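S.K.: Input: one structure, supplied below.
The values are calculated or read from the model by the stated rules, or taken from the named source; none is laboratory data. Remember, it's a predicted structure, so these values are computed and weren't measured experimentally. Virtual Cβ from ideal backbone geometry, glycine too; neighbours counted across all protein chains shown. Side chains included, ligands, DNA and RNA excluded: accessible areas come from the protein's heavy atoms. Shrake-Rupley method; radii C 1.70, N 1.55, O 1.52, S 1.80 Å.
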Amino acid sequence: MTEQTSAASARRLSAIAGQTVVLRPATAAHVPIFLEILGHPEIEKWWGGYDLERVRRELLGPHSYAIELAGETTGLIIYREELDPDHRYAAIDLALHPDHQNQGLGCDAMRAMARFLFRHRDHHRVVIDPAADNARAIRSCERAGFRRVGVMRAYEKSADGGWHDGLLMDLLQEDLP
């Protein structure tokens, strides 16, 4: 990474534009809507266990963004980074309120975040790991350009305390539509 790229990567963009959605850095003002989204039964089964303190701790950092449609917060998207130069990549995760699903908004948010991670954070690969039985999320990831890599057995703790499999999917910069 060059010094210029490094300096550009160090700052957080005030907005990341997709074709339809805008990703804005998460702030304390987003906490109530994030709690509402994560507490919705259709979301909670995948994202179980988020209370006020966990949302503040995990979803308000420099890698957390609100997904907005026409100024309304409809979801959230986060990323994590592996910065080792020999394995450099980013991982993303998102939750979209069920009232806004099946409209291409999740796909648009994933593509916008991937473009940001490729162009401004100098990653060559982005991964996502939906639950292996979350067919809706997997279809959205595939529409965004992600490819199936493999199933990770007993990968993530479910809201009911059991373990479920995760599907590892990745997107290389040259694969981004």
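S.K.: Once phi is turned into ³J(HN,Hα) by the Karplus curve 6.51 cos²θ - 1.76 cosθ + 1.60 with θ = phi - 60°, what whole-Hz value does each residue of region 78-92 show in order, with x for glycine and proline?
M.R.: Computed from phi, the couplings for region 78-92 are 10, 9, 10, 10, 9, 9, 4, x, 7, 9, 4, 7, 10, 10, 10 Hz.
S.K.: Which of the three applies to region 1-124, rounded, prolate or oblate, going by the alpha-carbon gyration tensor with a ≥ b ≥ c and a/c under 1.5 meaning rounded?
M.R.: prolate
S.K.: Then there is this: Whole-Hz Karplus ³J(HN,Hα) for region 48-61, in order, using 6.51 cos²θ - 1.76 cosθ + 1.60 and θ = phi - 60°, x for Gly and Pro?
M.R.: 3J(HN,Hα) across region 48-61, in whole Hz: x, x, 9, 10, 3, 5, 5, 4, 4, 6, 9, 10, 10, x.
S.K.: Further question on the same structure: Over the chain, calculate the relative contact order: mean separation of alpha carbon pairs under 8 Å at least 6 apart, over the residue count, as a percent.
M.R.: Rounded, it is 20 percent for the chain.
S.K.: Sticking with this one: Could you tell me the calculated FRET efficiency between Trp163 and Glu53, based on Cβ-Cβ distance and R0 = 22 angstrom, to the nearest 0.05?
M.R.: After rounding, the FRET efficiency stands at 0.35.
S.K.: If you take every DSSP beta bridge fully contained in region 75-177, what fraction is antiparallel? Give it as a percent rounded to 5.
M.R.: Counting DSSP beta bridges with both partners in region 75-177, the antiparallel share is about 90 percent.
S.K.: Of the beta bridges DSSP finds with both residues in the chain, what % are antiparallel, to the nearest 5?
M.R.: Of those bridges, close to 95 percent are antiparallel.
S.K.: While we're here: On the accessible surface of region 28-177, probed at 1.4 Å, how many percent belong to carbon and sulfur atoms?
M.R.: C and S atoms contribute 47 percent here.
S.K.: In the chain, with Lys and Arg counted as +1 and Asp and Glu as -1 at Cβ, which of these residues, Pro177, Leu60, Gln103, has the Cα nearest the positive end of the dipole, that is, farthest along it?
M.R.: Value computed over the given set: Pro177.
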